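As structure tokens, the structure follows; a few thoughts come after it.
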Amino acid sequence: MGNLIKIALEGAFTNFKRIFFAADRVTDMDMKKQIATLSVGVDDRVDENACIGCSGCANVCPTNAIEMKSLAHPVKLTKGWIKDQVPEINLERCVVCYYCHDFCPIFSLYGQKGAVHPSCVGDQEVNVSEFLEQPFKISDDKLKFIAQYLSDKTVLKNKEDGD
């Protein structure tokens, strides 16, 4: 019993030193302040400026964690392409499978950071209009596969129905 009390007191003293005197600090002071005030921010998971609003990420998500939310003001990206929705990730449903990121045309077709990422989209400077004007090569098979996810949820519905 004496050893148990000794261990508890040593642990309490060590934690006291860490908290109040920053001994063995692994958390910076800004983060410590955010934790203490319950104001820790969540990293951005969608870059609305880099997103083209294709809904592919929402359609390919296996847990339906991504919903498309309407923009207050639609954005004209190129002739014939107006973005009126962007994805929003429900973190309670997300299983961090990266399907959304890997499917994003900005990543899969143009090789840039995806506009959606389950952990953190990060900082990026992407001129989407410029990319959409660039030609790219893609096989007919891959194009048909991608088109199914961009146009509607037929593939996922058939998968749920067992077809």
message = Every residue in the range 94-124 that is outside any helix (DSSP H, G or I), closer than 30 Å to Asp140 by Cα and of a type in the set (A, V, I, L, M), please.
response = Val96, Leu109, Ala115, Val116, Val121
query = Of all residues in the range 30-52, which are of a type outside the set (S, T, N, Q) and closer than 16 Å to Val86 by Cβ?
reply = Asp44, Arg45, Val46, Asp47, Glu48, Ala50, Cys51, Ile52
ask   = Taking the range 42-59 as the search range and keeping residues that are aliphatic (A, V, I, L, M) and closer than 21 Å to Asp123 by Cα, which one is surrounded by the most Cβ atoms within 10 Å (Cβ to Cβ)?
value = Ala50
note = Filtering the range 60-88 down to residues that are exposed (fewer than 14 other Cβ atoms within 10 Å of the Cβ) and not in a strand (DSSP E or B) yields Pro62, Thr63, Asn64, Lys79, Gly80
key: Qualifying position, being among the charged types (D, E, K, R), at pLDDT 90 or above and farther than 30 Å from Glu130 by Cβ, among Glu88, Glu92   = Glu92
message = Given the criterion assigned to a loop (DSSP other than H, G, I, E, B) and without any contact (Cβ under 8 Å) to a residue 24 or more places away in the chain, identify the matching residue among Leu4, Leu91, Leu38.
response = Leu38
key: Count - residues of the range 121-142 that are open to solvent by less than 50 Å² (accessible area, probe 1.4 Å) and hydroxyl-bearing (Ser, Thr, Tyr)   = 1
ask   = So which residues in the range 102-120 are touching a residue at least 60 places away in the same chain (Cβ under 8 Å), within 21 Å of Asn90 (Cα to Cα), surrounded by 11 or more Cβ atoms within 10 Å (Cβ to Cβ) and not small (Gly, Ala, Ser), if there are any at all?
value = Lys113, Val116, His117, Pro118
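The values are calculated or read from the model by the stated rules, or taken from the named source; none is laboratory data. The structure presented is a predicted model; accordingly, all values stated were derived computationally and were not measured. So basically every Cβ, Gly included, is an ideal-geometry build from the backbone, and we count neighbours across all protein chains shown. To get the accessible areas, we keep the full protein, side chains included, count just its heavy atoms, and leave off ligands, DNA and RNA. Shrake-Rupley method; radii C 1.70, N 1.55, O 1.52, S 1.80 Å.
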